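Please read the structure below before turning to the comments.
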Amino acid sequence: MKCLLFAWALLLPSLSMAASLQPLSAADVPALLKPPARGERIIALWALDCAYCESNLQALDKLQHAHPDDIELVVVATDSMEQRDAIQARLHAMKMDAHPNLAYAEASPERINFLLDPRWGGETPRVLLIRADGSRLGISGALTPAELHKLR
């Protein structure tokens, strides 16, 4: 029994880290946008009140699972970290809490929007693709099969 409790105690921190929502400040954006060493980073921007976000996130999750060595998926809530509990509950319900998850931590969300992509008006869902070669692609709205193909 002690071994089982010890094993559970060791596992507990890793479980909480997987579902841990982290703050995204303006100072963090350059590191997030830095091209990955290889493959692609997909930054999926969503909001609690977004009608199409869940289906986009599910499609991106499926794409990432089909190419786990080539695609890093980062999920970013454009909602404030002040809504942490609601964001985490929604991520868990969508089964998206295993991915790196961030939420805006600035008083001015428009500033983070601009830093992420100056051509983006803030609408969600939004997908930013950053390739290892430094090239980028931004897609707003519900993802179509053709747009998903562009991401891969």
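The values are calculated or read from the model by the stated rules, or taken from the named source; none is laboratory data. Source: prediction; values computed, not measured. Every residue, glycine as well, gets a Cβ built from its backbone with ideal geometry; the counts of neighbours run over all protein chains shown.
Every listed requirement among (1) modelled with pLDDT under 95; (2) buried (at least 22 other Cβ atoms within 10 Å of the Cβ) is met by TYR52 save one, (2). Taking LEU115 as the residue in question, decide whether it is closer than 17 Å to CYS53 by Cα and either touching a Ser or Thr at 6+ places or on another chain (Cβ under 9 Å) or surrounded by 14 or more Cβ atoms within 10 Å (Cβ to Cβ) (or both). No: the conditions fail for LEU115. The number of residues in region 79-101 being outside any helix (DSSP H, G or I), under 21 Å from LYS62 (Cβ atoms) and without any contact (Cβ under 8 Å) to a residue 60 or more places away in the chain comes to 4. Beta carbons closer than 9 Å, at least 6 apart along the sequence or on distinct chains, pair a first residue in region 31-54 that is farther than 18 Å from ARG136 by Cα with a second that is among the polar types (S, T, N, Q) and assigned to a loop (DSSP other than H, G, I, E, B) for TRP46/THR124; ALA47/THR124; ASP49/THR124; CYS50/THR124; TYR52/THR124; CYS53/THR124.
Quickly run through region 1-45 and pick out the residues that are at pLDDT 95 or above and in a helix (DSSP H, G or I). Matches in region 1-45: ALA26, ALA27, ASP28, VAL29, PRO30, ALA31, LEU32, LEU33. A single member of ALA98, ALA105, ALA93 is in contact with a strand residue (DSSP E or B) (Cβ under 6 Å, 6 or more places away or on another chain), at negative phi and not polar (S, T, N, Q), and it is ALA105.
For region 125-141, a residue qualifies if it is charged (D, E, K, R) and either closer than 23 Å to LEU21 by Cα or in a strand (DSSP E or B) (or both), and the qualifying residues are ARG126, ARG131, ARG136.
On the stretch given as region 102-124, residues that are out of contact with any Pro (no Cβ under 9 Å at 6 or more places or on another chain), outside any loop (DSSP other than H, G, I, E, B), in contact (Cβ under 8 Å) with a residue 40 or more places away in the chain and of a type outside the set (Lys, Arg) total 2. Taking the criterion of being farther than 23 Å from ILE139 by Cβ, buried (at least 17 other Cβ atoms within 10 Å of the Cβ) and of a type in the set (A, V, I, L, M), the only residue of region 56-103 that qualifies is MET81. Is it fair to say GLU106 is surrounded by 15 or more Cβ atoms within 10 Å (Cβ to Cβ) and over 16 Å from ALA47 (Cα atoms)? The answer is no for GLU106. Considering region 118-134, the residues that are touching a Leu at 6+ places or on another chain (Cβ under 9 Å) and under 14 Å from LEU32 (Cα atoms) include one that is surrounded by the most Cβ atoms within 10 Å (Cβ to Cβ), namely VAL127.
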